[in-house]
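Written out below as structure tokens is the structure these notes cover.
All of the numbers you see were taken from the coordinates with simple rules; none came from a lab. Source: prediction; values computed, not measured. Cβ coordinates were reconstructed from backbone atoms using ideal geometry, including for glycine residues, and neighbour counts include every protein chain displayed.
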Amino acid sequence: MGQADTLIAIEKTEVGYHEGFSNGHHNNHQKFSPAVPGLEWSQNQSWCQTFQSWAFQQAGVKSLAPVTASCPAAVNWYKSHGRFSYYPAIGAMVFFGHSGGEHVGLVYRYDADFAYTIEGNTNANGSSEGNGVYLKKRARRDSFLYGYGLPHFTEGIVTADPGLKNKPGYTYMAVASSRESVAPPMAEAEEALPWVSSQQLAWAASRPTAEEQAAGNGGGSAADDVALVQDALENVMGVAPADPHSVFEAETQELFERFRMEKLGHPEADGHGVPSTQELAELGRQSELFSVRAGSSPAAEQPWVSLNQVVWASTHSAQEEREQPGGDASPKADVALVQDGLRRVMHTDVTDERGIFETATQGLYDEFRRTVLHFSGSDAVGAPGEQSLTELGQRAGLFRVHAGFPAGGTTDGAGVEAMGQIHPTQVTFHRCTSEGTLEDWIAQASTVAGVRASNFWVKGFRTAVARESSGNPNACNLWDSNARTPPGFSKVKDFGDGYRLHEPIVRLNGALTHFQCSRGIVQCIPQTFAQRHAPGTSVNIYDPVACIAAAMRYVRSRYGVAVDGSDLAKKVQQFDPNRPPHGY
């Protein structure tokens, strides 16, 4: 690979990178200034030229461009070296604005009418606030485009400048897509677009602003993906959402729902809720701004890692870990995937034995939480949590996370009741679209809750469900004493059906609601749902199986209901059809 192609490849790997975000705006804080000796001072300033200086340094061709953060200085440097042209070239720096002093990019191909570029500190929608690294398509004859700096590559340079046709070191091509295109050109495949993760978008669409902003931004974060979706919505719908850039709130949700109905033809009844992978893929196609993946690697069927197996391994000795049986379902298999993820994300070897979670793995995991996820205090140390483990799997593109326990494992004194327990902030509030009957859901819940399926459970839950939610899995009580946000929690974006006293039901569509509202088919509050969450079930409180299973575990624990539910109606009045309703 020649110097030009190496340079282009390095810059393309940065496509999708975004600068920092604070106080409702991008802030020019990025990774390139500190990495270029002599340009450290340029942090928090416009960085389009700094990105180019960094890329030339990374490609080992630092001497072929000026080390500067100034576009005018770079223009003058190329002019003084006799390497400036008004025609594009492969690997050329392209300058924009008055005398080329306002912006810069790098040309990776050109045709008769356009130069195709990689640019830092720009955006997808043409506004003045740059935010990241993008691929751009620039009209060659646009008055904003000033000219080109032609690096003196060892292999020479391919250019459209007819005045350089017969000069050594230059190869004239009216149209070119790479240095290799001096051979008979072949049709070039459409340039790869940056990826967005439908999982990360779903997370952002169901979290309050404070959580989204606390998660930070940078390569691979939800903020990056939200920014691309907002740019795409502006591109396709002709209007920008009023939410802060990179934050998925009510205005972005509303504009996405307009896109569903106006561009995808969905009826209004189906136009709500978290963006689906298919809808995002269509938005990316129509805007030509991104492609969509489910997790952090395109179309990958990733293996599962059990959160509780990893937690078990992190709290047991190496000897106890080694004594566990092998196979895909063992803690060792999950720990090995976590170690591989840490190597990939942190670029550091894990010195513990493969599959054994000991001091070195713990130390690197803590560093991942501090430096990548920006956790602090007690959140950045100790056994892995579901949020950080999920983030590691997505960023590494290696695995997905569920909350199951190893076969035959124990909870070490916490008892069976603690199995599956999650933190209340891990509960989600997505709209339920599951099909099935109440009897189906009760049967499935019986299995995962560890109770014996029986008509006692069916009769009891038929009664309670009718009283609690009228059979609506998406019911959210907005008026009773539970409808508040306790200290330590934040309001949440909710996609259920809001019930107010003596008022019509309202579809919430992501509206901010109090955290502690009773929700779901048997009206659990999130704290109870989290504490009694059944292992292997959804963390969505509106999932009927998960909600019923949590309620089963709750009445078993609080009221001592028998495993077959034979005394359910006797011990819990709300489940007894022969007595009046009574909260439980």
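Between His152 and Ser99, what is the FRET efficiency for a Förster distance of 35 Å, r being their Cβ-Cβ separation, to the nearest 0.05?
Values: r = 23 Å, r/R0 = 0.64.
In this case the efficiency is close to 0.95.
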Inset, instruction - Could you run the Karplus curve 6.51 cos²θ - 1.76 cosθ + 1.60 with θ = phi - 60° over the stretch 539-547 and give me ³J(HN,Hα) per residue in whole Hz, x for Gly and Pro? - result: 8, 7, 5, 8, 6, x, 5, 5, 5
Inset, instruction - Could you check the simple spin-label distance between Arg484 and Ser70, using points 7 Å along Cα→Cβ, in nm with one decimal? - result: 6.1
Legend entry - Rounded to 5, the percent of DSSP beta bridges in the stretch 424-575 classed as antiparallel: 65
Legend entry - the chain: angle of helix 455-468 to the longest principal axis, Cα-based, in degrees nearest 10: 70
Inset, instruction - Please list the non-local residues whose amide H lies under 5 Å from the amide H of His103, H modeled 1.01 Å from N, same-chain partners needing a gap of 5 or more. - result: Phe96
Legend entry - Degrees separating the helix 438-449 axis from the principal Cα axis of the chain, which is the longest one: 80
Inset, instruction - Work out, step by step, the length gained on full extension between Gln286 and Arg462: first 0.36 nm times the residue separation, then minus their alpha carbon distance; give nm to one decimal. - result: 58.7 nm
Inset, instruction - Subtracting the Cα-Cα distance from 0.36 nm times the residue separation, let me have the gained length for Asn44 to Leu501 in nm, one decimal. - result: 159.4 nm
Legend entry - the chain: angle of helix 71-80 to the longest principal axis, Cα-based, in degrees nearest 10: 30
Inset, instruction - Arrange the peptides 256-263, 521-528 so that the one whose residues have, on average, the most other Cβ atoms within 10 Å appears first. - result: 521-528, 256-263
Inset, instruction - Mind giving me the nanometre distance, one decimal, between the label points for Val175 and Tyr86, set 7 Å out from Cα along Cα→Cβ? - result: 2.4
Inset, instruction - Provide the FRET efficiency to the nearest 0.05 for the Ala242-Lys62 pair, computing r from the beta carbons and using R0 = 45 Å. - result: 0.55
Inset, instruction - Using Cα centres only, tell me the gap between the stretch 23-37 and the stretch 65-103 in whole Å. - result: 22
Inset, instruction - Would you mind computing, in nm to one decimal, how far apart the modelled labels at Lys165 and Ser470 are, each placed 7 Å from Cα along Cα→Cβ? - result: 8.1
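Between Asp113 and Leu512, what is the FRET efficiency for a Förster distance of 51 Å, r being their Cβ-Cβ separation, to the nearest 0.05?
On the way: r = 47 Å, r/R0 = 0.93.
After rounding to 0.05, the efficiency reads 0.60.
Find how much the distance from Gln362 to His374 grows on full extension, using 0.36 nm per residue of separation minus their present alpha carbon separation; answer in nm with one decimal. Please list the in-between numbers first.
Details: separation 12, 0.36 × 12 = 4.32 nm, distance 1.64 nm.
Going from the current span to full extension adds 2.7 nm.
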